[in-house]
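Below is one structure, written out as structure tokens, with a few remarks after it.
The values are calculated or read from the model by the stated rules, or taken from the named source; none is laboratory data. Predicted model only: the values in this text are computed from it and were never measured. Methodologically, a virtual Cβ is constructed for each residue, glycine included, from the backbone with ideal geometry; neighbour enumeration extends over all protein chains shown.
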Amino acid sequence: MRFSLALPREALSIPVIRRVVGDALRGLGVSEDCVDDVLVATSEACTNVVQHARATGDYEVTGHVDHGVCMLKIMDRGRGPRPAPAAAPQDRGILSESGRGIKIMRALVDDLNIDSSPDRGTVVHLRKRLTWRDGALVGRLDARLMHNAG
């Protein structure tokens, strides 16, 4: 299974991504806990684009499932990340929301890679080994058949 969506950089695009990715994974027979992990990680990546990308226009989400692994890319065409401001002495040690989304994504997926450059924008790569619901047809297919079906 492969998909690619171009979406406006607006908060209303995030539920659309959650719906498309969630329905696709559930349709393949992925367990609900695993679907939830993928959806939260994807939502965090998309929220970062909507809130922090330094570009106007669309962003893109592509994904595919192959050999029991879901791989997603969330891409914006911005100028890359802004430098992080230095914390004031009185703010050091206080739990900050900044960077929390990355920690959440790391906790929920098997691999997280963020590639950012001034001329290409930012690409977030999420990789998650899937678990299957009992009786899910796709979960029972051998790797060769699954690859041919994708």
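Some points to look at:
- Odd one out for K73 among (1) among the charged types (D, E, K, R); (2) at pLDDT below 95; (3) buried (at least 17 other Cβ atoms within 10 Å of the Cβ): (2)
- Output for segment 100-119, where each listed residue is part of a helix (DSSP H, G or I) and not basic (K, R): G101, I102, I104, M105, A107, L108
- Among the residues making up segment 37-70, a single one is surrounded by fewer than 14 Cβ atoms within 10 Å (Cβ to Cβ) and modelled with pLDDT of 95 or more: V69.
- Among residues of segment 24-40 that are closer than 10 Å to K128 by Cβ, those with a Cβ under 9 angstrom from a residue that is surrounded by fewer than 14 Cβ atoms within 10 Å (Cβ to Cβ), sequence gap 6+ or separate chain, pair up as C34/R129; D37/A107.
- First in segment 102-116 and free of Cβ contacts under 8 Å to residues at least 12 places away in the same chain and more than 18 Å from T47 (Cβ to Cβ), second anywhere and of a type in the set (V, I, T) and surrounded by 14 or more Cβ atoms within 10 Å (Cβ to Cβ), Cβ under 6 Å, 6 or more apart: D115/V123
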